[in-house]
Amino acid sequence: MKKLLITGGAGFIGSHVVRLFVNKYKDYQVYNLDKLTYAGNLENLRDVENADNYHFLKIDIVDEEAVFKLFSEHRFDGIIHLAAESHVDRSIANPMEFIYTNIVGTVNLLNAARQSWKDDMDQHLFYHVSTDEVYGSLDDGGYFTEETPYDPQSPYSASKAGSDHFVRAYHNTYGLPVVISNCSNNYGPNQFPEKLLPLFINNIRNNKPLPVYGKGDNVRDWLFVVDHARAIDDIYHKGKVGETYNIGGFNEWKNLDLIKLLCKVMDNKLGREAGSSEKLITYVKDRAGHDLRYAIDANKIMHELGWQPSLQFEEGLEKTVDWYLSNQTWLDNVTSGAYQQYYEVQYGE
Ligand code: NAD
Ligand code: DAU
């Protein structure tokens, strides 16, 4: 039996990664470490919570003592590290949480792994899950490759870039076996409705305004979350130690085009008159330092590891809308309480 630690497994992407590993690898004991912040939700894992090879640990990665205690109790074969503060707007409002969790929390895990694995380092792997935002912003041409220099623009991306640098530094300095991936925007079930797609799905459902930042001409490169989880599986098992892999589906959308497509799908699903959701579009003040365009060159992972996205975007979007509409209790539960306060501060109502 192998012991795998997945951090941030109660969050959006982490829950899909936990599900994939628990179901696919019966010879792994999967330990899901999560602090359960506003973004962590054990409901995301109802279907696997009773599996024999699944365990939950409520731990804050910023708590050095708790992290070291965990590593003294378990010898993990590997770590897939996803726990993070992940929302750009929150990082603009409160950068310190991002520095604590994304940088200090990551370094705590690196130190604990280094200590625990010191006698047989090469038998282990520290996999750090990062973002394309560390590369900064593109104009109309070109792609982010694994060689693109880091140029983070928001407190969130600066904190993720900082964590990536520490992971590489521990590989170079101490020989810790690491691998890093940098993925584009994910969408799909279980995403917290502060991010564009679930926020807008929820607002359309409730006939609330759709707050488009600036003119809506920023471009994002969208990947279905299950395809990201499949890529993480491939990289964990087949990736080369010390390497970086960019993950994306060559699927760029201008925000306004994406929002209009979403409105069409929602009108259709809700049986509303064509064009009614589009009327909810409201242009609001732009995000400070708003990156214009992200676009991933995913040739390395496609050619070296044979990974391919499994879904066309239109199909993935329909699946996503269907999930939120048939899981309205999930949406209602996560949008009550503290989320309401966040919404009032962010959008002023
Ligand atoms: P999320 O916000 O949905 O989930 C983050 C999880 O981490 C939550 O379960 C939360 O409780 C947990 N967490 C936060 N702080 C913690 C702490 N101090 N200790 C322990 N657990 C803590 O995030 P997500 O969108 O699922 O992103 C997961 C990872 O993937 C992040 O590292 C993010 O940077 C990266 N990523 C996200 C995207 C995307 O589009 N969402 C794209 C590329 C990379
Ligand atoms: O690229 C990967 C990154 O994608 C991840 O690392 C982040 O964790 C994830 O949050 C995401 O970052 P973005 O900032 O691109 O995602 P968000 O959903 O916040 O915004 C997508 C686009 O939509 C962006 O251009 C801002 C815009 N937007 C967003 C919100 C929340 C709006 O126009 N209005 C909104 O209300």
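A single member of LYS269, LYS264 is under 25 Å from TYR324 (Cα atoms), more than 15 Å from ligand 1 (Cβ to nearest atom), in contact with a Ser or Thr (Cβ under 8 Å, 6 or more places away or on another chain) and open to solvent by 40 Å² or more (accessible area, probe 1.4 Å), and it is LYS264.
Looking at the range 228-240, is at least one residue of a type in the set (Phe, Trp, Tyr) and more than 11 Å from ligand 1 (Cβ to nearest atom)? Checking the range 228-240: at least one residue is of a type in the set (Phe, Trp, Tyr) and more than 11 Å from ligand 1 (Cβ to nearest atom). Yes or no: the range 197-208 includes at least one residue that is in contact with a helix residue (DSSP H, G or I) (Cβ under 6 Å, 6 or more places away or on another chain), open to solvent by 20 Å² or more (accessible area, probe 1.4 Å) and of a type outside the set (D, E, K, R). Within the range 197-208, none of the residues are in contact with a helix residue (DSSP H, G or I) (Cβ under 6 Å, 6 or more places away or on another chain), open to solvent by 20 Å² or more (accessible area, probe 1.4 Å) and of a type outside the set (D, E, K, R). Residue by residue through the range 204-221, note down the ones that are within 30 Å of GLY271 (Cβ to Cβ) and more than 9 Å from ligand 2 (Cβ to nearest atom). Hits for the range 204-221 are ILE204, ARG205, ASN206, ASN207, LYS208, PRO209. Has the range 320-327 got any residue that is assigned to a loop (DSSP other than H, G, I, E, B) and within 16 Å of ligand 1 (Cβ to nearest atom)? Yes, that holds for at least one residue. Please determine whether any residue of the range 294-306 is under 19 Å from LYS254 (Cα atoms), assigned to a loop (DSSP other than H, G, I, E, B), hydroxyl-bearing (Ser, Thr, Tyr) and open to solvent by less than 50 Å² (accessible area, probe 1.4 Å). Yes - at least one qualifying residue is present in the range 294-306.
So is ASN172 more than 16 Å from ligand 1 (Cβ to nearest atom), of a type in the set (S, T, N, Q), open to solvent by 40 Å² or more (accessible area, probe 1.4 Å) and in a helix (DSSP H, G or I) or not? Answer is yes for this residue. Taken together, HIS237, HIS228, HIS290 contain a single residue that is within 19 Å of the chain's Cα centre (by Cα) and either surrounded by fewer than 18 Cβ atoms within 10 Å (Cβ to Cβ) or at positive phi (or both), which is HIS290. Checking each residue in the range 300-320 for being touching a residue at least 60 places away in the same chain (Cβ under 8 Å) and farther than 30 Å from GLU147 by Cα picks out LEU317, LYS319, THR320.
Listed by first and then second residue, the pairs linking a residue in the range 277-295 that is touching a residue at least 24 places away in the same chain (Cβ under 8 Å) to a residue that is within 16 Å of ligand 1 (Cβ to nearest atom) and among the charged types (D, E, K, R), with Cβ atoms under 6 Å apart and 6 or more places separating them unless they lie on different chains, are TYR294/ASP132; TYR294/ARG220; TYR294/ASP221; ALA295/ASP221; ALA295/GLU252. Take VAL134 and tell me if it is under 27 Å from PRO189 (Cβ atoms), open to solvent by less than 10 Å² (accessible area, probe 1.4 Å) and part of a loop (DSSP other than H, G, I, E, B). Judged against the criteria, VAL134 is not a match. Taken as a whole, the condition of being aliphatic (A, V, I, L, M), crowded, with 19+ Cβ neighbours inside 10 Å and in contact with a helix residue (DSSP H, G or I) (Cβ under 6 Å, 6 or more places away or on another chain) applies to VAL178. The condition of being β-branched (Val, Ile, Thr), touching a residue at least 40 places away in the same chain (Cβ under 8 Å), outside any loop (DSSP other than H, G, I, E, B) and out of contact with any Leu (no Cβ under 7 Å at 6 or more places or on another chain) holds for only one of ILE92, ILE13, that being ILE92.
Taken over the range 90-105, residues that are more than 15 Å from the chain's Cα centre (by Cα) and either open to solvent by 20 Å² or more (accessible area, probe 1.4 Å) or not small (Gly, Ala, Ser) (or both) amount to 10.
Filtered by the rule that a residue be touching a residue at least 12 places away in the same chain (Cβ under 8 Å) and either within 14 Å of LEU199 (Cβ to Cβ) or among the acidic types (Asp, Glu) (or both), the range 321-338 gives VAL321, ASP322, TYR324, LEU331, VAL334, THR335.
Within the range 209-225, how many residues are open to solvent by 30 Å² or more (accessible area, probe 1.4 Å) and either under 21 Å from GLY175 (Cβ atoms) or in a loop (DSSP other than H, G, I, E, B) (or both)?
Number satisfying all stated conditions: 3.
Residues that are charged (D, E, K, R) and open to solvent by 70 Å² or more (accessible area, probe 1.4 Å) within the range 240-251 comprise just one, LYS240.
The values are calculated or read from the model by the stated rules, or taken from the named source; none is laboratory data. Computed from a predicted model, the values in this text were never measured in an experiment. Neighbour counts are summed over all protein chains in view; Cβ atoms, including those assigned to glycine, are modelled from backbone coordinates with ideal geometry. Please note that ligands, DNA and RNA were not included when accessible areas were found on the heavy atoms of the full protein model with its side chains. Shrake-Rupley method; radii C 1.70, N 1.55, O 1.52, S 1.80 Å.
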